[in-house]
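So the structure is just underneath, and the comments pick up after that.
All of the numbers you see were taken from the coordinates with simple rules; none came from a lab. Given the structure is predicted, the values throughout are model-derived calculations rather than measurements. Cβ sites come from the backbone with ideal geometry, for glycine too, and all protein chains shown count toward neighbours.
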2 protein chains.
Amino acid sequence: MLTADRLSLNTATVKEQWNLAQCIEGCARHGLGGISPWRDKLQEMGAEAAARAIRDAGIGVSGLCRGGWYTAEGRLTQAVIDDNRRAVDEAATIGADCLVMVVGGLAAGSRDLPGARALVEEGLASTLEHARACGVKVAIEPLHPMYAGDRACVSTLGQALDICDRLGAGIGAAVDVYHVWWDPAIEAQLARAGRERIMAFHICDWLVPTKDLLNDRGMMGDGVIDIPRLRAVAEAQGYDGLYEVEIFSDQDWWTRDPDEVLATIVKRGRSAC
Amino acid sequence: MLTADRLSLNTATVKEQWNLAQCIEGCARHGLGGISPWRDKLQEMGAEAAARAIRDAGIGVSGLCRGGWYTAEGRLTQAVIDDNRRAVDEAATIGADCLVMVVGGLAAGSRDLPGARALVEEGLASTLEHARACGVKVAIEPLHPMYAGDRACVSTLGQALDICDRLGAGIGAAVDVYHVWWDPAIEAQLARAGRERIMAFHICDWLVPTKDLLNDRGMMGDGVIDIPRLRAVAEAQGYDGLYEVEIFSDQDWWTRDPDEVLATIVKRGRSAC
C-alpha cells in the first residue's frame with residue numbers, strides 16, 4: 001500500500017478539469033506528496049509562479065512532462081533542439097526530479113524505425129548536454145509498443161537502458177506500469193536499471209477490454225496490472241521516490257469531479273498499490 | 001516483391017464474406033500459393049472435405065489457426081487439453097505447415113502474468129507431445145503486447161523462443177509482422193530462431209492511427225511496417241515458406257467484395273512487400 005504522501009499527481013489525470021494552480025491546491029488538500037506538471041499547463045501559469053506555488057504547498061515535483069519528439073520532421077531540427085533546451089530550463093525552475101522524454105515515433109510517411117531510433121539518440125545526447133549543465137536528470141520513458149509508430153520508437157525499458165549505457169551519466173528511465181507491465185524482461189531490466197536510473201515511476205491500470213489506444217487508461221485496481229509486484233521490484237533496487245499517477249481517460253476520469261478523482265487516487269494507493 | 005504464389009490467405013481476412021469452400025476457390029482463382037483456415041470455418045466444412053478441396057485446388061496450407069487458450073480457466077483443464085489435441089488432428093488432416101498457437105492471456109480476475117506463463121508452457125508441452133506423434137509442427141504466435149491481458153501472455157519472439165528452447169524439437173514460432181514490427185530485438189531474435197523455428201510468417205500492416213485494438217489492421221502498404229526489411233531478415237535465415245495475409249478489419253476489408261480484397265492482396269504483394 002502507498003500512503004498519500006508517496007503519491008504524485010500527473011496533471012494529465014485531471015487535464016480537462018483543472019489548471020496547474022488548481023492541481024497544486026488539490027494535491028495539498030488531499031495530502032499528496034508531489035505533482036508532475038505537463039508543459040502546457042506550466043507555461044500557462046508561468047514556471048516561476050508555479051515553482052513558488054509548489055514550494056508554498058510543500059509538495060515535491062516528481063517530473064516535468066515532457067520533452068522529446070525528436071523525430072517528427074524526419075531530421076533533428078534546431079526548433080526541436082531549442083524546445084528541449086527550454087524544457088530542461090523549465091524542469092530546473094520548478095526543481096523537477098527529472099524531465100520525462102517521449103522520444104517520438106516515425107515521421108509522416110516513414111517506415112524507418114532504425115533511422116528514427118538513431119535520430120532519437122542524437123537528440124537525447126544534445127538535450128543531455130544542457131541538462132547536465134543545469135543539473136536536470138533526463139528520463140527516457142519507454143512507451144507501450146502500440147505507440148511505436150506515432151509517439152515513441154523506444155518501446156522497452158531494456159532498449160531505453162541500452163541508450164543510457166551509451167550516453168552516460170545523467171540519463172535514465174521513467175517507468176510507467178502501463179507501458180511495461182506486459183514485458184517478460186521487466187524484472188531483469190528494473191534490476192539492471194538500478195536505483196539511479198529509475199528516475200520516475202508512473203502508475204495507473206490496463207483495462208480489459210481497452211477501448212481506445214490512447215485515452216482509456218484505468219484507475220489503479222480497475223485493471224490487470226500487478227502494481228505491487230512491479231513496485232516491489234523497483235523498491236528492491238532502492239527506489240524510494242514518488243509514485244506518479246497518470247491516467248488518460250476521456251470517457252471516465254476526465255469527466256468526473258477532480259476532487260473525487262484525487263480522493264479515489266488516495267484510496268486506491270492504499271488498496272491497490 | 002512477392003508474387004501471388006508466395007502468398008497465402010488466412011481466412012480471417014475475408015471471414016465475414018466467405019466460407020472455407022469459397023476461400024479455397026478464391027485462392028485458386030487469384031493464383032495464391034496457399035491458404036490458412038481458421039478452425040471454425042474448417043469444422044463447418046469438415047476437415048476431410050476441406051483437405052480434398054485444398055488438394056484439388058493445388059494450393060498449400062501455411063497453417064491452421066488456432067490452438068492455445070490454455071489460461072482461460074486459470075488452470076489447465078482437460079477440456080482445453082482435448083481441444084488442442086483435436087486441433088493437432090485437424091492440422092494433420094489438412095496437411096498444415098503448422099498449428100498456430102494463441103496461448104491465452106490472464107484468466108478473469110487474475111493479475112498473475114508469471115502464473116499464466118507457467119500454465120501456457122505446461123499446456124504447450126502437453127499439446128506438443130501429441131503433435132510430435134502426428135508429425136504436426138506447433139508454432140507459438142507471440143501477440144502484440146496490447147493483447148497480453150486478454151489473448152496472449154507471450155508477447156515477443158524472444159519469449160516464444162525461450163519456451164521453445166525449453167520444450168525441444170517440433171515447436172517454433174509464427175511470426176506476424178503486426179505483432180513484432182516494433183520490437184528492437186526482432187532482427188536478433190529472427191536470427192536466433194533460424195529457418196527451422198520460423199514456422200509461419202504473417203503479413204498485414206499497422207495503421208496510424210489505429211482506431212481499434214483488435215479489428216483495425218491494415219492492408220500491406222497502407223501502414224508503417226517495413227515488411228521488406230523484416231522479410232529479408234527471415235529469408236537471410238533461409239525462410240522460403242508462404243507469406244500469410246491475415247487482416248482483421250471490421251470497418252474496411254471485411255465490408256468489401258472479397259474478390260477485390262484478394263486482388264488487392266496480390267497487387268500489394270508485388271508493390272509493398
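On the beta carbon distance between A:ASP83 and B:ASP257, with R0 = 56 Å, the FRET formula returns roughly 0.70.
Charge tally around A:LEU20: other residues with Cβ under 13 Å, Lys/Arg +1 each, Asp/Glu -1 each, net -1.
Residues whose amide H falls under 5 Å from that of A:ARG66, counting only those 5 or more places apart or on a different chain, are A:ARG39, with hydrogens built in the peptide plane.
Based on other C-beta atoms within 10 Å, arrange A:HIS130, A:HIS144 from fewest to most. The partial results should precede the final answer.
Details: A:HIS130 18, A:HIS144 23.
Exposure proxy ranking, most exposed first: A:HIS130, A:HIS144.
Relative contact order, percent, of chain A when contacts are C-alpha pairs under 8 Å separated by at least 6 residues? Answer for chain A is 21 percent. Remark on B:CYS204: its backbone amide H falls under 5 Å from those of B:VAL177, B:TYR178, a criterion applied only to residues 5 or more positions apart or on other chains, H modelled at 1.01 Å from N. 3J(HN,Hα) couplings calculated from phi for the range A:140-153 with the Karplus curve 6.51 cos²θ - 1.76 cosθ + 1.60 (θ = phi - 60°) are, in sequence order, 6, 9, x, 9, 3, x, 5, 9, 4, x, 10, 10, 8, 8 Hz; Gly and Pro show x. Is the range A:119-197 rounded, prolate or oblate when judged by the Cα gyration tensor, a ≥ b ≥ c being the square roots of its eigenvalues, rounded requiring a/c under 1.5 and prolate requiring a/b larger than b/c? Cα axes put the range A:119-197 in the oblate bin.
The other copies place their A:GLN251 label points at 1.3 nm from this one, listed shortest first, where each point is 7 Å from Cα along Cα→Cβ. How much of the DSSP beta bridge set in chain B is antiparallel, as a percent to the nearest 5? Percentage antiparallel, nearest 5: 5. Near A:ASP97, the amide H atoms lying under 5 Å from its own belong to A:VAL61, A:SER62, A:GLY63; only residues 5 or more places off or on other chains count, and H is placed 1.01 Å from N. The same position B:PRO228 in the other copies lies at 5.3 nm from this copy, comparing label points 7 Å beyond Cα toward the beta-carbon, shortest first.
Using only alpha carbon pairs under 8 Å that are at least six residues apart, calculate the relative contact order of the range A:182-273 and give it in whole percent.
On the way: 104 pairs, mean separation 31.6, N = 92.
Over the range A:182-273, the number comes to 34 percent.
Label-point distances for B:GLY109 to the equivalent site in the other copies, using a point 7 angstrom along Cα→C-beta, read 5.4 nm when ranked shortest first.
Run lengths n ≥ 4 of DSSP H only: what is the helix-derived mean residue ellipticity at 222 nm for the protein assembly as shown, with -39500 (n - 2.57) per run over all residues, to the nearest 500? All intermediate terms of the calculation are to be shown ahead of the outcome.
Details: 20 runs with 240 residues, N = 546.
Taking each H run of at least 4 residues, the total per residue is -13500 deg cm²/dmol.
In whole Å, what is the distance between the alpha-carbon centres of the range A:123-146 and the range A:199-273? Each part's Cα centre sits 24 Å from the other's. About the centre of its Cα atoms, the range B:4-272 shows a dipole size close to 380 debye [charges on the beta carbon of Lys, Arg (+1) and Asp, Glu (-1) only; nearest 20 debye]. Each 10 Å bin, from zero up to the one with the longest distance, holds this percent of the alpha carbon pairs of the range A:1-160: 11, 37, 33, 16, 2.
Quick one: compute a quarter of the convex hull surface over the Cα atoms of the protein assembly as shown and quote it in nm².
Details: hull surface 94.4 nm².
Mean projected area for the protein assembly as shown: 23.6 nm², to one decimal.
Measuring spread by the Cα atoms of the range A:179-227 yields a radius of gyration and Dmax of 12.5, 36 Å. When GluC sites (Glu not before Pro) are flagged only if DSSP places them in a loop and at most 14 other Cβ atoms lie within 10 Å, the longest unflagged stretch of chain A comes out as A:74-273.
Could you compute the FRET efficiency for B:GLU235 and B:SER271, with r as their C-beta to C-beta distance and R0 at 22 Å, rounded to 0.05?
0.75
Taking every C-alpha pair closer than 8 Å and separated by at least 6 residues, the mean separation divided by the residue count of the range B:38-132 gives a relative contact order of 34 percent.
Three principal axis extents of the range B:31-95 based on alpha-carbon atoms, in descending order, are 44, 19, 17 Å. Per residue, the convex hull spanned by the Cα atoms of the range B:4-272 measures out at 117 cubic angstrom. Candidates A:GLY74, A:VAL261, A:CYS204 compared by Cα position along the dipole of the range A:4-272: farthest toward the positive end lies A:CYS204, with charges placed on Cβ. For the pair A:ASP212 and A:ARG132, the difference between a 0.36 nm per residue extended length and the Cα-Cα distance amounts to 25.1 nm.
Residue by residue through A:178-186, how many Cβ atoms from other chains fall within 10 Å of the Cβ on average? Show your work: numbers first, answer last.
Details: counts 0, 1, 1, 5, 13, 6, 14, 4, 1.
If you average over the peptide's residues, the count of other-chain Cβ atoms is 5.
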